[in-house]
Each structure stands twice: as structure tokens, then as C-alpha cells.
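The values are calculated or read from the model by the stated rules, or taken from the named source; none is laboratory data. The structure presented is a predicted model; accordingly, all values stated were derived computationally and were not measured. Note that each Cβ is placed from the backbone with ideal geometry, even for glycine, and that neighbours are counted across all protein chains shown.
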Amino acid sequence: MSVTPDDEGFMAAAIRLSRQHLGRTATNPSVGCLIVKDGVIVGQAVTALGGRPHAEPQALAEAGQLARGATAYVTLEPCSHHGKTPPCAEALIAYGVARVVISVTDPDPRVSGRGITMLRDAGIEVDAGVLEAEGRRSLAGYLTRQTKNRPYVTLKLAVSADGMIGRQGEGQVAITGPEARAEVQALRAETDAILVGIGTAISDDPLLTVRTPGLEAQSPIRIVLDPSLALPLTSKLVATAREVPVILVASENVSHLAADAEGIPPSVLPDIFPTRGEIDKEHDQNSQADSSSPATEDVGQAAIPQPISPLVGGEARAGEAGPTDPADRLELRTPGRAEGGTTPTDAADLDSRRAVLVAAGVEIVYCNPYHPEVLLPALATRGISSLLVEGGAKTARLFLEAGLVDRIELYQAPVVIGEGGIESPLDATDIPSGFTHMGTQMFGVDRLDEYERGL
């Protein structure tokens with residue numbers, strides 16, 4: 001059977017459905033499934049919070065006997081292996097569906113094409129690649145972690161009319177209006193983790209949580225590139241670390257100091273922080289963790305520690321202090337900032353600070369803060385499929401120059417910063433090559449342009 005406009009319409013609905021649980025299905029992709037009989041949706045589901053149950057068996061159970069002879073629309077190829085749950089392909093066969101329409105073929109070599117073969121061998125008609133571009137966008141985190149062994153990285157920037165992202169010495173500066181800020185909260189809610197540099201963490205003292213009413217439990221894991229463990233002990237991040245996980249990425253040089261202080265070898269990226277799905281499980285006692293696709297728990301290779309080197313051409317700018325920036329060494333007491341920010345000077349000082357951070361619930365890992373090509377695969381091994389880079393200029397430039405940004409969300413506001421502004425690392429006139437302009441939206445008076453690389 002050839003693909004029809006109705007097929008595309010139902011697949012578009014399945015893709016919209018799949019987005020409901022983005023960032024909330026642990027290591028699993030958020031998949032949408034519709035069961036359609038005689039042009040009517042008789043069953044529908046999205047991968048459950050924590051990753052289990054999968055979308056297909058839920059939708060089939062809702063359809064019941066009406067599934068026999070129906071068409072199933074699935075955003076990702078149904079799994080074909082026996083894991084913690086039976087294969088979704090077997091469930092589709094058992095319920096007697098006549099046809100399965102798939103948007104994206106699973107890239108996992110243990111699945112890719114095998115689910116389709118299982119269905120066809122059972123006499124079920126299969127059409128794949130329907131609205132594939134849209135389906136791949138909805139599965140970007142999963143696909144990137146499967147094929148590139150790293151999270152899908154989104155860079156968000158809010159730029160003033162005069163090309164600035166903030167003002168020196170003033171911490172957080174409102175550039176966009178409430179409508180744009182609400183959209184950013186929605187982006188955070190569907191992302192596994194959010195990352196900032198230590199300069200931003202010190203100068204802005206941000207929470208980095210989701211503050212939209214009803215979505216607070218969807219706050220992402222918060223990551224700070226903090227080579228010298230300079231995060232102020234009085235910061236909001238430290239104060240809320242037991243509510244929403246905080247990870248400090250410190251230099252291996254710091255880990256060696258800690259080892260000297262304790263007489264034990266330092267650990268690199270200890271397996272001690274929860275995945276986003278485990279966080280959701282704590283908020284929803286009915287959800288259960290699982291792997292929707294066979295390789296989801298094995299994605300990525302452990303990063304091999306490499307010596308830290310300064311970012312080439314990446315001198316620190318205001319709002320994004322480097323490892324030798326005075327802001328890392330001086331105690332900051334500017335109104336609106338957290339007190340602290342002092343870099344430990346010896347092993348005993350470092351050990352004391354580390355103990356306080358850990359006691360507060362902060363996780364510390366040692367993995368080259370200024371080498372994202374090492375850090376990102378390590379994050380992928382911990383189940384992080386999507387990462388939002390949100391501050392500041394130096395950190396944005398770090399990921400851009402490494403070629404590790406997959407999507408750019410560029411907000412442009414009519415606000416003028418003026419003298420003392422912090423220059424944006426890019427604007428609409430110098431988007432790196434390889435990015436495609438995906439569209440423009442207006443949020444109040446602020447303009448959002450989205451750019452993406454091909455998956």
C-alpha cells in the first residue's frame with residue numbers, strides 16, 4: 001500500500017504525542033503510537049515515565065479487540081528483542097494488526113530492521129520512513145546518543161538589540177520578555193540536563209530549574225563546568241542539590257589533590273548521580289525504569305581522562321569566568337550573587353570544600369571541563385540524551401568551536417544593554433556553517449530563530 005495523506009496525518013499526531021514525555025523516559029526514547037481502525041483512533045499511548053511500559057503495548061491494550069485488522073502508527077521501529085519486557089513487535093503480531101506505519105528505523109544494530117522483518121514475516125504490511133524528518137527531530141536525543149555516543153546539544157542564547165547577552169558585574173540581566181522566558185522553561189522541561197560555566201554560576205547564582213507551575217518535577221539535571229570546585233557553598237544550586245541533582249565537572253588536577261588529601265585514588269565520573277528517569281520515578285511512584293531499546297543502557301564509551309588545557313582563543317568574558325579568572329579566587333559579595341567562589345588553595349582546603357559540597361548533595365565528577373569531546377560521551381553513558389547549554393559566552397564558544405552543538409535557539413530582543421555589555425558569541429549573521437534555519441517564531445516582542453544540523 002502506498003503512503004497516503006491520512007497516513008501522514010496520523011503519523012504527525014503520533015509525533016506530537018511522543019513529545020509529551022521528552023526528557024522523562026530515562027535512557028529510552030519517548031515514542032508515540034496510535035492504533036487506527038476505519039479512520040478512527042481506537043488506541044493511543046506514549047512511552048511511560050521512566051521508560052516502561054512502552055508505547056505500543058499501552059496503545060494496543062486501549063484498543064483491545066479493535067486492534068485486529070487495524071493500522072498501528074509508531075514513531076520508532078518496534079523493538080524485536082526480549083529484555084525486561086517482551087518485544088513490541090510480538091505484541092503487534094499477537095493483537096492481529098494488519099499494517100504498521102513507522103516514521104524512523106531504529107539505528108541500534110540489535111534492532112535496526114529486525115522489528116520490521118519480524119512484522120513482515122508474520123504477514124503484516126509495513127511502511128517505514130513516513131514523516132521521517134519530523135520523526136527524527138522528535139527522537140533527536142535518542143538518535144544522537146545511539147549514533148554519536150553523546151547527548152544532543154542545544155545552545156540557547158538571548159541577545160540584545162546591540163548584540164549583548166548581559167552586562168559585566170550585574171549578574172542576571174533580563175533580556176527577553178515573559179513570553180520568551182516561558183518558552184525556555186518548556187525547553188528545560190523536555191531536556192535531560194542543563195549546563196553552565198562556573199562564571200555564570202558565580203555571577204548569576206541561577207537555579208536552572210523549571211518554574212512553570214505543574215512542571216517543576218521535570219527540572220533537568222544541573223551541570224556546572226567547575227574546574228577548581230569554586231561553586232559558592234551558599235549558592236542556590238548547592239542549597240537545592242537534594243531537590244534537583246547538581247553535578248560539578250572538575251579538573252583531574254583537583255581530583256589528584258583530593259587523592260593526596262585522603263590517601264586514596266580519585267574516581268573519574270563515579271556512577272553516583274541519577275538519570276532523569278530516576279528523578280521522575282521519585283516524583284511518580286507508579287513509574288518504573290526500563291530500556292525501551294536494547295542498547296539504551298550501553299550507549300557510549302567511558303571517556304579516557306586527558307590533561308586539561310586552556311580553551312584556545314577562549315579568554316574569559318564577563319559572566320563566564322575562566323579557571324584563572326579573579327572571580328574564581330575572590331569571595332564575591334555583590335548583591336544578588338552567592339557568597340563564596342574562592343578557589344581551594346591546597347589539598348586540605350579542597351578536601352574540606354568537597355566534603356561540604358557532597359554533604360549538601362552535590363555530585364562531583366572529574367572529566368576535563370574544557371574538553372566537551374570527552375565530557376559528552378561520559379554523560380551519555382549515564383543516560384543523558386539531551387543537553388541544554390545555557391551560559392555563558394565562554395561556554396557557548398567552547399561547544400561551538402568544538403563543533404558539538406546540534407541546535408541553536410537564538411532569541412533576539414529589542415532591549416539595549418549599552419556600555420559594559422557582554423558580547424554574544426554569535427548572532428544571526430554568523431551562524432556556523434552546516435546549520436539550517438528551521439524557522440522563526442515571535443514571543444511577545446522577542447524573536448526566536450532556530451537552527452539545526454542534520455542528524
Worksheet item: Within the bounds of the stretch 193-205, is there any residue that is assigned to a loop (DSSP other than H, G, I, E, B), of a type outside the set (D, E, K, R), modelled with pLDDT of 95 or more and buried (at least 23 other Cβ atoms within 10 Å of the Cβ)?
Response: no
Worksheet item: So which residues in the stretch 356-373 are at pLDDT 95 or above and not in a loop (DSSP other than H, G, I, E, B)?
Response: V356, L357, V358, A359, E363, I364, P372, E373
Worksheet item: Taking helices (runs of 4 or more DSSP H) that do not extend beyond the stretch 74-157, which have at least 1 residues that are under 21 Å from the mean Cα position of the chain (by Cα), crowded, with 21+ Cβ neighbours inside 10 Å and aliphatic (A, V, I, L, M)?
Response: 140-148
Worksheet item: In this structure, does I35 turn out to be in contact (Cβ under 8 Å) with a residue 40 or more places away in the chain and in the same structural domain as G129 (by TED's automatic domain parsing)?
Response: yes
Worksheet item: Among the residues of the stretch 49-58, is there at least one that is assigned by TED's automatic domain parsing to the domain that holds V101, more than 26 Å from the chain's Cα centre (by Cα) and under 22 Å from A94 (Cα atoms)?
Response: yes
Worksheet item: For Q65, which of the numbered conditions (1) assigned to a helix (DSSP H, G or I); (2) closer than 21 Å to L143 by Cβ fails to hold?
Response: (2)
Worksheet item: Does P29 satisfy being without any contact (Cβ under 8 Å) to a residue 60 or more places away in the chain, in a loop (DSSP other than H, G, I, E, B) and not small (G, A, S)?
Response: no
Discussion item. Scan the stretch 431-452 and tell me whether some residue there is crowded, with 19+ Cβ neighbours inside 10 Å, of a type outside the set (D, E), at negative phi and in contact with a Lys or Arg (Cβ under 8 Å, 6 or more places away or on another chain).
Written reply: yes
Worksheet item: Looking at this structure, is L410 touching a Phe, Trp or Tyr at 6+ places or on another chain (Cβ under 9 Å), touching a residue at least 24 places away in the same chain (Cβ under 8 Å), part of a strand (DSSP E or B) and assigned by TED's automatic domain parsing to the domain that holds E252?
Response: yes
Worksheet item: If the Cβ limit is 6 Å and pairs must be 6+ apart or interchain, which residue in the stretch 49-70 that is in contact (Cβ under 8 Å) with a residue 60 or more places away in the chain and buried (at least 17 other Cβ atoms within 10 Å of the Cβ) pairs with which residue that is assigned to a strand (DSSP E or B) and of a type in the set (V, I, T)?
Response: none
Discussion item. So if I check each of L143, L157, which one is more than 19 Å from R16 (Cβ to Cβ), at pLDDT 95 or above and touching a helix residue (DSSP H, G or I) at 6+ places or on another chain (Cβ under 8 Å)?
Written reply: L157
Worksheet item: Which is in the same structural domain as V238 (by TED's automatic domain parsing), buried (at least 22 other Cβ atoms within 10 Å of the Cβ) and over 21 Å from D205 (Cβ atoms), of G403, G383, G391?
Response: G383
Worksheet item: Is there any pair with a first residue in the stretch 1-12 that is free of Cβ contacts under 8 Å to residues at least 40 places away in the same chain and a second that is of a type outside the set (G, A, S) whose Cβ atoms are under 6 Å apart and which are 6 or more apart or on different chains, and what are they?
Response: none
Fill in: Considering residues of the stretch 431-448 that are closer than 16 Å to A182 by Cα and not in a loop (DSSP other than H, G, I, E, B) only, the residue nearest to the chain's Cα centre (by Cα)
L448
